[in-house]
Amino acid sequence: MILVIGGGPAGLAAAVAIARNGQEVTILDSAPRAGGQYWRHRTRVDGYKSEKSAMYLQEVAQNPLIHFISGANVWSASRVKDRFAINYLVSGNELTITAQKLILATGAFDRSLPFAGWELPGVMTPGAAQSLLKGHGVLAGRRVIVAGTGPFLLPVATGIAAAGGTVVGLYEAQSPLRWALSPVALLLNPSKFAELLYYAKQVRKYRIRIQFGKGVTAFDTHSAVVSRLSSDLEVVAGSEEKIECDVVAVGWGFTPDVTLGGILGCAQKVDLDGTVIFNVDQNQRSSQKDIWIAGEATGIGGSDLALVEGEIAGLDCVGIGISPSLAFRKIRKTLFARALQKSYPVGNGWKKWSRNTTKICRCEEVSLQDIADSVTDLGAFDSRTAKLFTRAGMGLCQGRICSRNVSEIVAGLQGCQVSDNERIGYSNRPIATPISLGELSDGKSTK
Amino acid sequence: MSAPINFTFNGSTYSGEVGQSIAAALISQDQRVLRTTRFDEAPRSIFCGIGICFDCVVVVNGIANQRSCLVEITEGAVIVSKQ
């Protein structure tokens, strides 16, 4: 049996490729409906090229060879001889599924950077604003600032405006001129111009004010401080401006979720942008036999690349050769993903956006001062020791939100770079989804 | 649309639509603060919105640490910030 973990674009493309070649496949996904974060929906997906998602969602719903298990939180996985045992929870009940072949399409989540006031209600990721709107039909706020970097800010801002919210401003930290660094990637992906045009029209239609080279550097319940930023995210002195709003949706690209593949021993590496991703070959095979990995976990590249990688993984998994045109499509989309990294870099200037009291670790309420003290007073020499002294990264989220930031801050205080080993270390954890001790011991919910 | 779902949060009654998460239903009714923190008792709300950050955890029918951005509202659910 073939098991796909993750029901976003990559996982769905893999399952469809497998089923079209006559084999049965099961998809495990944590959400109530297929589509992942990008194709999140209640009744139908809307937005740019939504008909493409409709095709996949329809095929997953109707093809009798595809089984979709929703609401499944996978928390551990192991190899038992020539099979994989995957443990997951559905509404607190522990279940296990076995498979001979695994395709991991676990996706990514927004990367967040700390700034003064980022713990306050009203600050959220663009993904949260998108999930409230697309998944639950609720506007994140009445007057919303969308900020950070990357093309994902466009669907978030235009989605809020289309639903009747006021987008006070869209602040993209980087200059669009950076795209000039990647002429080949642009020429090989002409469809991206159509997408850009689509969003340009939406932005004009809803009169959204886009400003480049700016970002939110502080928040205080009813207003945000928007500052001019250098390409390294340093605040240009004197440029700070107070803007009234009730919500700030701010994100700095994405962090791939590598936990599950890490538990299964799949080799990882550090990408150009510092994110930890899996090492896969041209057919999406991981370093572990019978495990394929597709989508954001092999490098942030967006849904187009995820679809291609998913299809390749699915085909290779059932022994079908990859056509030259599909292989070329992957190369084109990979070049575009590289261009994204070059166009939307996240420099180190954010380290000065926090106050000493700002909580860098939101779960354990560890402040910037606490981390600095652990280095200067207690002699922490890397982020792991700093985390042991302060408990940063040891809360419920298992460091998913803060561990990279803590490492960068500690490295900055010591005047060194974060090593690749340290990056791979903080990106992995022994349990994929935090579960209660009761669930761990007796396999039942702790009611 | 189907009938609204009624639930309580910290003793007050709220309503929402079928399939809405606890956080979404509360935010749509201007109840943005979902809990206060352990040490500083600082207010917190939804942050990542997709079950990663655990900032929005509440107690649902006596079960602690439930992510209100993921758990859907059910009729008569008793939700509190703290046990």
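Is it the case that A:Gly11 is part of a loop (DSSP other than H, G, I, E, B) and not β-branched (Val, Ile, Thr)? Outline the logic, then answer.
Numbers: part of a loop (DSSP other than H, G, I, E, B): no; not β-branched (Val, Ile, Thr): yes.
In short, no.
Identify the residue in the stretch A:70-125 that is of a type in the set (Phe, Trp, Tyr) and under 30 Å from A:Asp281 (Cβ atoms) and, among all such residues, is nearest to the other protein chains (Cβ to nearest Cβ). Write out each step before concluding.
Kept after step one, since they are of a type in the set (Phe, Trp, Tyr), are these residues of the stretch A:70-125: A:75, A:84, A:88, A:109, A:115, A:118.
Next, from what is left, pick out any that are under 30 Å from A:Asp281 (Cβ atoms): A:75, A:84, A:88, A:109.
Details: A:Trp75: 13, A:Phe84: 23, A:Tyr88: 14, A:Phe109: 5 Å.
Top of the filtered list is A:Phe109.
Just need a number here: residues in the stretch A:298-314 that are small (Gly, Ala, Ser) and not in a helix (DSSP H, G or I).
Start the filter on the stretch A:298-314 by keeping residues that are small (Gly, Ala, Ser), which leaves A:299, A:301-303, A:306, A:310, A:313-314.
Checking which are not in a helix (DSSP H, G or I) leaves us with A:299, A:301.
Of the residues in the stretch A:298-314, 2 are small (Gly, Ala, Ser) and not in a helix (DSSP H, G or I).
Going by what's in this entry, would A:Ser182 be described as buried (at least 17 other Cβ atoms within 10 Å of the Cβ) and within 26 Å of A:Asp232 (Cβ to Cβ)?
Yes, satisfied.
Can you run down the residue pairs with Cβ atoms below 7 Å, 6 or more apart or on separate chains, where the first is in the stretch A:94-113 and crowded, with 20+ Cβ neighbours inside 10 Å and the partner is of a type in the set (S, T, N, Q) and in a strand (DSSP E or B)?
A:Ala108/A:Thr255; A:Phe109/A:Thr255; A:Arg111/A:Thr255
For the stretch A:215-278, list the strands (runs of 3 or more DSSP E) that sit wholly inside it and hold at least 2 residues that are farther than 30 Å from A:Gly36 by Cα; which are they?
Those strands (runs of 3 or more DSSP E) span A:223-228, A:241-244.
Applying the selection to the stretch A:35-74, what residues are surrounded by fewer than 19 Cβ atoms within 10 Å (Cβ to Cβ), part of a helix (DSSP H, G or I) and aliphatic (A, V, I, L, M)?
Within the stretch A:35-74, A:Ala54, A:Met55, A:Ala61 qualify.
Given the criteria within 30 Å of A:Gln369 (Cβ to Cβ) and either β-branched (Val, Ile, Thr) or part of a loop (DSSP other than H, G, I, E, B) (or both), does A:Ser30 qualify?
no
Is it the case that some residue within the stretch A:285-297 is surrounded by fewer than 20 Cβ atoms within 10 Å (Cβ to Cβ), part of a loop (DSSP other than H, G, I, E, B), within 24 Å of the chain's Cα centre (by Cα) and at pLDDT 95 or above?
Within the stretch A:285-297 (the criterion being surrounded by fewer than 20 Cβ atoms within 10 Å (Cβ to Cβ), part of a loop (DSSP other than H, G, I, E, B), within 24 Å of the chain's Cα centre (by Cα) and at pLDDT 95 or above), the answer is yes, since at least one residue qualifies.
Out of the residues in the stretch A:126-148 meeting the condition of being away from chain B (no Cβ under 13 Å) and surrounded by 23 or more Cβ atoms within 10 Å (Cβ to Cβ), tell me which one is farthest from the chain's Cα centre (by Cα).
Per the stated criteria, the residue is A:Ile145.
So, in the stretch A:356-379, of the ones that are modelled with pLDDT of 95 or more and assigned to a loop (DSSP other than H, G, I, E, B), which residue ends up nearest to A:Gly412 (Cα to Cα)?
Looking at residues that are modelled with pLDDT of 95 or more and assigned to a loop (DSSP other than H, G, I, E, B), I get A:Asn356.
If A:Trp353 meets every condition in (1) surrounded by fewer than 20 Cβ atoms within 10 Å (Cβ to Cβ); (2) away from chain B (no Cβ under 14 Å); (3) at pLDDT 95 or above; (4) over 22 Å from the mean Cα position of the chain (by Cα) apart from one, which number is that one?
(1)
Name the residues in the stretch A:87-103 that are in contact with a Phe, Trp or Tyr (Cβ under 9 Å, 6 or more places away or on another chain) and either among the hydrophobic types (A, V, I, L, M, F, W, C) or over 21 Å from B:Glu72 (Cα atoms) (or both), would you?
Within the stretch A:87-103, A:Asn87, A:Leu89, A:Leu95, A:Thr96, A:Ile97, A:Thr98, A:Ala99, A:Gln100, A:Lys101, A:Leu102, A:Ile103 qualify.
Please list, ordered by first then second residue, the pairs with beta carbon atoms under 6 Å, 6 or more apart or interchain, first in the stretch A:47-58 and closer than 19 Å to A:Val156 by Cβ, second hydrophobic (A, V, I, L, M, F, W, C) and surrounded by 15 or more Cβ atoms within 10 Å (Cβ to Cβ).
Between residues of the stretch A:47-58 that are closer than 19 Å to A:Val156 by Cβ and residues that are hydrophobic (A, V, I, L, M, F, W, C) and surrounded by 15 or more Cβ atoms within 10 Å (Cβ to Cβ), the close pairs are A:Ser53/A:Trp39; A:Ser53/A:Val45.
Which of (1) within 14 Å of chain B (Cβ to nearest Cβ); (2) on the phi > 0 side of the Ramachandran plot is the odd one out, the single condition A:Gly22 does not satisfy?
Among (1) within 14 Å of chain B (Cβ to nearest Cβ); (2) on the phi > 0 side of the Ramachandran plot, A:Gly22 violates only (1).
Taking the condition touching a residue at least 40 places away in the same chain (Cβ under 8 Å), of a type in the set (A, V, I, L, M, F, W, C) and out of contact with any Ser or Thr (no Cβ under 6 Å at 6 or more places or on another chain), does A:Ala61 pass?
When the stated conditions are applied, A:Ala61 does not pass them.
For a quick check of your reading of the model, give me the residue pairs whose first member lies in the stretch A:193-204 and is in the same structural domain as A:Gly150 (by TED's automatic domain parsing), whose second is among the basic types (Lys, Arg), with beta-carbon atoms closer than 8 Å and at least 6 apart or on different chains.
A:Glu195/A:Lys49
Determine whether A:Val203 is within 29 Å of A:Ser50 (Cα to Cα) and surrounded by 23 or more Cβ atoms within 10 Å (Cβ to Cβ).
Considered against the rule, which asks whether it is within 29 Å of A:Ser50 (Cα to Cα) and surrounded by 23 or more Cβ atoms within 10 Å (Cβ to Cβ), A:Val203 comes out as no.
Can you find even one residue in the stretch A:75-95 that is closer than 21 Å to A:Ala306 by Cα and at pLDDT 95 or above?
no
I'm checking my understanding of the structure. Among residues of the stretch A:302-312 that are surrounded by fewer than 24 Cβ atoms within 10 Å (Cβ to Cβ) and among the small types (Gly, Ala, Ser), which one is nearest to A:Ala13 (Cα to Cα)?
Across the stretch A:302-312, the extreme among qualifying residues is A:Ser303.
Hey, does the stretch A:368-379 have a residue that's within 25 Å of the chain's Cα centre (by Cα), surrounded by fewer than 22 Cβ atoms within 10 Å (Cβ to Cβ), among the small types (Gly, Ala, Ser) and outside the structural domain of A:Ala99 (by TED's automatic domain parsing)?
Taking every residue of the stretch A:368-379 in turn, none turns out to be within 25 Å of the chain's Cα centre (by Cα), surrounded by fewer than 22 Cβ atoms within 10 Å (Cβ to Cβ), among the small types (Gly, Ala, Ser) and outside the structural domain of A:Ala99 (by TED's automatic domain parsing).
Being over 21 Å from A:Arg42 (Cβ atoms), free of Cβ contacts under 8 Å to residues at least 24 places away in the same chain and not polar (S, T, N, Q), is that true of even one residue in the stretch A:130-137?
Scanning the stretch A:130-137 turns up no residue that is over 21 Å from A:Arg42 (Cβ atoms), free of Cβ contacts under 8 Å to residues at least 24 places away in the same chain and not polar (S, T, N, Q).
Report yes if A:Thr166 is in contact with a strand residue (DSSP E or B) (Cβ under 8 Å, 6 or more places away or on another chain), at pLDDT 95 or above and farther than 17 Å from B:Phe47 by Cα, otherwise no.
Yes, satisfied.
The values are calculated or read from the model by the stated rules, or taken from the named source; none is laboratory data. In this text the structure is predicted, and so the values were computed from the model without any measurement. Note: ideal-geometry Cβ built from the backbone for every residue, glycine included; neighbour counts use all protein chains shown.
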